[in-house]
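The values are calculated or read from the model by the stated rules, or taken from the named source; none is laboratory data. Since the model is a prediction, treat every value here as computed from it, not as a measurement. Heads up, the Cβs are rebuilt from the backbone with ideal geometry, glycines too, and the neighbour counts pull from every protein chain shown. Note: areas computed on protein heavy atoms with side chains; ligands, DNA, RNA excluded. Shrake-Rupley method; radii C 1.70, N 1.55, O 1.52, S 1.80 Å.
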Amino acid sequence: MCIRRVVLIPSCSFAPPISHRGERERERERREGEAMGTLSRSLLPMHINAPSSTPPPLHSSSTSIALSITSSSIKPIKATGLGSINPTIKKKKKSNQEEEKMTITPLVKISNEKLVIKGRTVLSGMPDNVLTSSAVSSGPVDGVFIGASFSEADSRHVVPLGTLRGLRFVASFRFKLWWMSQKMGDKGSDVPLETQFLLLESKGNGGGGDDEDVYIVFLPLVEGRFRACLQGNARDELELCMESGDADTQSDTFSHALFVGAAGSDPFAAVSNAVGAVKTHLNTFRQRPEKRLPGIVDYFGWCTWDAFYQEVTQEGVEAGLSSLISGGVPPKFVIIDDGWQSVASDENPGSGSLQRLTGIKENGKFQSKEDPASGIKSVVTTAKEKYGLKYVYVWHAITGYWGGVRPGVDGMEAYGSRMAYPKVSPGVQENEPGMKTDSLTLQGLGLVNPKGVHKFYNELHEYLARAGVDGVKVDVQCVLETLGAGFGGRVELTRQYHLALDASVAKNFPDNGCIACMSHNTDALYCSKQTGIVRASDDFYPRDAVSHTIHIASVAYNSVFLGEFMLPDWDMFHSLHPAAEYHASARAISGGPVYVSDAPGKHNFELLRKLVLPDGSILRARLPGRPTRDCLFSDPARDAVSLLKIWNMNKFTGVLGVYNCQGAAWSATEKKNVFHHHARADFLSCAVSGSDVHLISEAATDETWGGNCAVYRHRDGELVLLPYRAAMPISLKVLEHEIFTIAPIKDLAPGFRFAPLGLVDMYNSGGAVEGLSYKIHSGAGLSDTDGGLERELSCASLQSADDTGSGAAAAVATVYMEVKGCGRFGAYSSAKPKKCSLGSSADTKFSYCPSLGLLTLQIDDMPEQGRKVHQLTIEF
């Protein structure tokens, strides 16, 4: 029996116009279907009782600023002009007679010791030794390169750039050598040490043009053999730190150590365009849409780490695979984590001695008793032939193992390994004091000579590839920045290692099988041309209660920056765990790989079936999951008032996750993750709207889509209709979450509206809809449907099943869909269909709830052999 009803949320007056279809199509072509063009949206508090209004047409002119500029539009500095390919580097002030105002681009100016963007002061009191140059030749974004000159050469410099006050920002900074997290603030002293990405918001008055919001991106870069980062000081000055990591690698002048880019009302486009400008300038990395993603991203997987840690064996691998398959959620890839390699401690080990790699082949645990010579090939063959896996990955550190490659070991002399002792930068040491006494720092590691590292990777990967291994998880990557002494510095050593790694992966793993891990430094990001997947945050810690809310917040905010370089991997999790649903739902909307680290026999199969189809594939969203625009500058881990909303896109729907992440965060005083006094047990609330999914207009099939959405709430199956400019409230306790599928509503004819929801029992239900088209039959006019959703519902004119079920009525429209997977398929329909047809079945049973407007039907089986989707037809 249908007991729920359609909930109508009245229109509000705060939603902005939706960008026009032509711009979206151009962006789709340019960015491989992942439109990143500017959209004008602002999410303000909802007005539940505001009067409804007819939305503007989809082709309304956009208020976004034009980003393309030419050299002719820029005021020259000296005779060369800033539009030249090699712009003149200029100190901000040389003499009293010199003009103090300098136009960098139409949006960016240096005036009276201030950095001014679109008439708004961003930094004030810029010192004389700060150097600026135009970024106009680096792509379609208004921006400036910033550097500095110093009186003496050194391996580390810090320069204040000016005072920062009154602008909200979100920073991605390294709280550990290996990992970033987020920090919000509004003044220079709030900017943490080791900040590698800074996004600022300058609020406008909402009037468009010069009154619109402006987003400013600060990207500290690598310049020559130096790497830069940002930090604040007690005087609210924003400082730029440049360091080589090698006392003998010195410089006194920097011209392109920092990029500052300005864009209009789309913060996500601002970030993408800024990274694109830096890519053009450096020419040392590629952005995510330009890279090949390995096949694992579209399948469910299992990792051995939290199940066995370093005690993993071949028998354990088989037990884990068999256990998951028995529950109907077959993994299609496995990551054999740390524990398979041949390692040993030093000859005279002390307590807690580091182990070092002693050979490229597997250890005795992975040598079959029946055929020891087959080595790791035995478990790979078994995994694929007996358990049906498509991909097998194995783990190794970027230096071979945690303690590196043991110097002088037989058979590995050609790699030229020698002992090296990490020297951690002052910023990292301040944020992570424990690195002073870490075993790596004290015991050192065997570092393969950069001249031999290509041979090392190639021989290791070639051996694995011959055994059938498809890829590698390359861990401990940031350690390279601590080992640059004697090798030209941290940037140069990282570059050489990554060139060798990229070449070996390209040669030996044709599916681009590589996951970067413990790799959150810009030394590596700005030389990443090959790797397509990057771990997005510190680990999932199943036994650490403080970590779970922190994990979800970190992966979402880190993905804003990391997602421009690679596809963020939100890490493994346990399906049988107090926070399992919290983690699982986030993985479903992350856009990245989905895999667990369950011990054999310890699974929640009901939960896993919300993620995994019977063939082991998943319904993966198309983009990196990121915080919604109205959450970017709030602090959902610390402020005790904000919920975190995460958005993503499917082909014809959007998906929105809402999470209460309050109560725990990294402490700048204790230098660790802690529960804090702001933790609250009661509910927090926020508003949810269709425009929270930033590119929701991309999911509409109409150029003139009016903004109306059907919203399906996963937890209770409630279907809510949100007209354009409407929002709905949601309240959650700490560690609670909710998932919404958001589908643009298609006007078929007066009284007939439709929106696909997908496989509604899965978290990312809309990911099942692979194809969607409509045929409007003659006579089914739409001339009177403008604003019809509000009018139809307010007049209670939803047609009953008896009114619309008669086959005698004239045909109105037909909906054609391609559906991936199997399960309960759902859609919003304002009227009961005449007929539903699934494949060759001309009359498929369906259920229709007129008060809810929910159409459901059961798809019992996966598509037939050789077919990827079901053909579903719905006739009205």
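Quick rundown of the values:
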{"item": "All positions within the range 255-286 that are touching a Phe, Trp or Tyr at 6+ places or on another chain (Cβ under 7 Å) and more than 17 Å from F197 (Cα to Cα)", "result": "S255, T284"}
{"item": "Given (1) touching a residue at least 40 places away in the same chain (Cβ under 8 Å); (2) on the phi > 0 side of the Ramachandran plot, number of the condition D571 does not satisfy", "result": "(1)"}
{"item": "Matching residues in the range 250-268 - criterion: being of a type in the set (A, V, I, L, M) and at pLDDT 95 or above", "result": "A257, L258, V260"}
{"item": "Residues that are closer than 29 Å to H583 by Cα, assigned to a loop (DSSP other than H, G, I, E, B) and either within 24 Å of the chain's Cα centre (by Cα) or modelled with pLDDT under 95 (or both), drawn from the range 761-790", "result": "M762, Y763, N764"}
{"item": "Residues that are of a type outside the set (V, I, T) and exposed (fewer than 15 other Cβ atoms within 10 Å of the Cβ), drawn from the range 419-437", "result": "Y421, P426, P433, G434, K436"}
{"item": "Some residue of the range 665-683 being at pLDDT 95 or above, farther than 14 Å from I730 by Cβ, of a type outside the set (D, E, K, R) and touching a Cys at 6+ places or on another chain (Cβ under 9 Å)", "result": "no"}
{"item": "Leading residue by the ranking (nearest to G616 (Cα to Cα)) among those in the range 282-312 that are in contact with a helix residue (DSSP H, G or I) (Cβ under 7 Å, 6 or more places away or on another chain) and open to solvent by less than 40 Å² (accessible area, probe 1.4 Å)", "result": "W302"}
{"item": "Breaking point among (1) modelled with pLDDT under 95; (2) closer than 20 Å to K529 by Cβ, for R288", "result": "(1)"}
{"item": "Subset of the range 609-636 [part of a loop (DSSP other than H, G, I, E, B) and closer than 17 Å to M862 by Cβ]", "result": "R609, K610, L611, L613, P614, D615, G616, L619, R620"}
{"item": "Neighbours by Cβ (under 7 Å, 6+ apart or cross-chain): first from the range 164-184, closer than 21 Å to I117 by Cα and of a type in the set (G, A, S); second assigned to a loop (DSSP other than H, G, I, E, B) and modelled with pLDDT of 95 or more", "result": "A171/V191; A171/P192"}
{"item": "Within the range 839-869, tally of residues that are assigned to a strand (DSSP E or B) and either β-branched (V, I, T) or surrounded by fewer than 22 Cβ atoms within 10 Å (Cβ to Cβ) (or both)", "result": "8"}
{"item": "Residues (under 27 Å from S244 (Cα atoms) and open to solvent by 10 Å² or more (accessible area, probe 1.4 Å)) located in the range 500-523", "result": "D502, A503, M518"}
{"item": "Residues being in a strand (DSSP E or B) and either open to solvent by less than 50 Å² (accessible area, probe 1.4 Å) or without any contact (Cβ under 8 Å) to a residue 40 or more places away in the chain (or both) - total across the range 828-838", "result": "5"}
{"item": "Scan of the range 409-418 for residues that are of a type outside the set (D, E, K, R) and open to solvent by 60 Å² or more (accessible area, probe 1.4 Å), ordered by number", "result": "G411, A414"}
{"item": "Residue list for the range 725-736, filter: surrounded by fewer than 24 Cβ atoms within 10 Å (Cβ to Cβ) and on the phi < 0 side of the Ramachandran plot", "result": "M728, P729, I730, S731, L732, K733, V734, E736"}
{"item": "Residues (of a type in the set (S, T, Y), in contact with a strand residue (DSSP E or B) (Cβ under 6 Å, 6 or more places away or on another chain) and farther than 30 Å from L193 by Cβ) located in the range 646-700", "result": "T653, S685"}
{"item": "Filter result for R227 (in contact with a helix residue (DSSP H, G or I) (Cβ under 8 Å, 6 or more places away or on another chain), open to solvent by less than 10 Å² (accessible area, probe 1.4 Å) and over 20 Å from S559 (Cβ atoms))", "result": "yes"}
{"item": "All strands (runs of 3 or more DSSP E) inside the range 329-382 with 1 or more residues being polar (S, T, N, Q) and crowded, with 22+ Cβ neighbours inside 10 Å", "result": "341-345"}
{"item": "Those residues of the range 806-827 which are closer than 20 Å to V760 by Cβ, open to solvent by 20 Å² or more (accessible area, probe 1.4 Å) and of a type in the set (A, V, I, L, M, F, W, C), in sequence order", "result": "C822"}
{"item": "Evaluation of L199 against (1) in contact with a Phe, Trp or Tyr (Cβ under 9 Å, 6 or more places away or on another chain); (2) in a helix (DSSP H, G or I) (one fails), failing number", "result": "(2)"}
{"item": "Filtered residues of the range 729-749 (kept if under 29 Å from F876 (Cα atoms), in a strand (DSSP E or B) and not polar (S, T, N, Q))", "result": "F740, I742, A743, P744, K746, D747, L748, A749"}
{"item": "Pairs where the first residue, in the range 702-724, is over 13 Å from G690 (Cα atoms) and open to solvent by 20 Å² or more (accessible area, probe 1.4 Å) and the second is of a type in the set (K, R) and modelled with pLDDT under 95, C-beta under 6 Å, 6+ apart", "result": "E703/R21"}
{"item": "Neighbours by Cβ (under 6 Å, 6+ apart or cross-chain): first from the range 639-659, over 16 Å from A586 (Cβ atoms) and in contact (Cβ under 8 Å) with a residue 40 or more places away in the chain; second open to solvent by 10 Å² or more (accessible area, probe 1.4 Å) and part of a strand (DSSP E or B)", "result": "F652/L772"}
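Every residue, every condition in (1) in a loop (DSSP other than H, G, I, E, B); (2) farther than 17 Å from N129 by Cα; (3) open to solvent by less than 10 Å² (accessible area, probe 1.4 Å), yes or no:
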site: I216; (1), (2), (3): no, yes, yes
site: L219; (1), (2), (3): no, yes, yes
site: R235; (1), (2), (3): yes, yes, no
site: M242; (1), (2), (3): no, no, yes
site: D248; (1), (2), (3): yes, yes, no
site: V260; (1), (2), (3): no, yes, yes
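Yes/no per residue for (1) hydroxyl-bearing (S, T, Y); (2) open to solvent by less than 10 Å² (accessible area, probe 1.4 Å); (3) under 20 Å from C631 (Cβ atoms):
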{"position": "V136", "(1), (2), (3)": "no, no, no"}
{"position": "G147", "(1), (2), (3)": "no, yes, no"}
{"position": "S151", "(1), (2), (3)": "yes, no, no"}
{"position": "V159", "(1), (2), (3)": "no, yes, no"}
{"position": "W179", "(1), (2), (3)": "no, yes, no"}
{"position": "G185", "(1), (2), (3)": "no, no, yes"}
{"position": "V191", "(1), (2), (3)": "no, yes, yes"}
